[in-house]
1. Which one of G241, G37, G148 has the biggest mean-square fluctuation once the chain is modelled by GNM with Cα springs under 10 Å?
2. Near the amide H of T275, under 5 Å away, which other amide H atoms are found, from residues 5 or more places off or on another chain, if H is placed in the peptide plane?
3. Sort largest first and round to whole Å: the equivalent ellipsoid semi-axes of the stretch 265-374, each the square root of five times a Cα gyration tensor eigenvalue.
4. Regarding the stretch 60-177, what are the three Cα extents along the principal axes, ordered largest first, in Å?
5. Which whole-number percent is the relative contact order of the stretch 219-280 (Cα, under 8 Å, 6+ apart)?
6. For the chain, set up a GNM with springs between Cα atoms under 10 Å and report which of E255, E47, E104 has the largest fluctuation.
7. Heavy-atom accessible area of T342 with all protein chains present, probe 1.4 Å, nearest 10 Å²?
8. Considering the options F176, A151, A220, tell which one lies farthest towards the positive end of the dipole of the chain, charges being +1 on Lys and Arg and -1 on Asp and Glu at the Cβ, about the Cα centre.
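The values are calculated or read from the model by the stated rules, or taken from the named source; none is laboratory data. What you are looking at is a predicted structure, and each value in this text was computed from that prediction instead of being measured. Note: ideal-geometry Cβ built from the backbone for every residue, glycine included; neighbour counts use all protein chains shown. Ligands, DNA and RNA are excluded from the accessible area calculation, which covers all protein heavy atoms including side chains. Shrake-Rupley method; radii C 1.70, N 1.55, O 1.52, S 1.80 Å.
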Amino acid sequence: MKKLSLITCGLVLSSSFAFANDVKTFDDAFKNGKASGTLGLYGQSIEYDKTTGVYNGTGNKEFGYLNGYATIGYETASLNGFSAKAEFRGNLDLGERENGDRDEQFANNALMTEAYLKYANDAFFVVAGRQAIDLEWLGDYHEAVVAGITAIPDTTIVVGYTDRKAESTSELSEDFHDINGNKGAYVLDVKYAGFDGIELNPYYYNAPDVADWYGLKVTASTDYFGAIAHYAQGNTDSKVGTDDESIAHVELNTELDGFTAAIGYIKTDKDAGATIMTTGGDNISPFEDGNEVYSADAKTVYGSLGYTIADVELGALYGQTEYGVAKDKEKELNLSVGYSFTESLGASVLYVNVDAEDSDDNYDKWIAAVEYTF
């Protein structure tokens, strides 16, 4: 699942905005702040080809639930470069197909997802507290300290430390929990866009006593065509007792008059795959589920098509992953349609079909959502 980019994009933009609109008093900072939020309905239904009991251990063939949700957030205006934000998310149980289905996805019905203090000027920003993060291997909500340098032309340098993480979406909500025990994880992420149509993104992550990994992502784009080349190497600590990890990804894509298309290939390390580095989040797998994309010796080929007409977005994605010593195969098909009633109100439906190596694990999934944002 892909998340909104707040660290390398949103925080940089909001930092510049906040600095340019400084207010004079503490009261003015609150009076001139900005509220935001969402109201929505989310439903998910899964049917297995055979009885598996994967989700609730009862052997039920069917799984599903309906969730209502609301998010409300408020960010103050900037006072001498300082601002603050709080955001709360609430969920409402509207039904489930079998007893306990929704409990598998929701550890809580209310969570403070963001609560941070930010300082920003034209050269850098610092954010401390609960915040949304979307970096290559770090996503969702974190209790973290993140700093960014924006003074260098065409360059954004982000350094940070996180010690707790939670995921809270319309689909699921979990409590904040420790990352890597009480040792947390560190990140250094650099984006350079000084070349015409090319962005370079080298990065380094470190989870003490577990692993460190580093990589380079190159994104190229022209008026009609684009390409991605990405490689990451992980060095696992000897105490963990597993081999070093790696993953490579290449993609070619195009966009023309509302039509999009892409083909791609992903390969993981033969012995260890790329599982440790995905613990804090990932952005490589294009699938809704992609159960085996990061497994050991996984080779994934995929292709996608999309078309937008009259505010209707149509999408199709199909791919196959071959993995493991036995060269098992898993195929996944994603079909989606979305419609924007207004700029703030939209609805979407997603169909997922997974054809697994073991036919007991074959399933069809339907997801439907309606959301209003303000």
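1. The residue that fluctuates most here is G241.
2. So T275 has HN proximity to no qualifying residue.
3. Value: 31, 15, 12 Å, ordered largest first.
4. 56, 28, 24
5. Details: 106 pairs, mean separation 18.4, N = 62.
This gives 30 percent for the stretch 219-280.
6. Looking only at E255, E47, E104, the biggest GNM fluctuation is shown by E104.
7. So the heavy atoms of T342 present about 80 Å² to solvent.
8. The residue sitting most towards the positive pole is A151.
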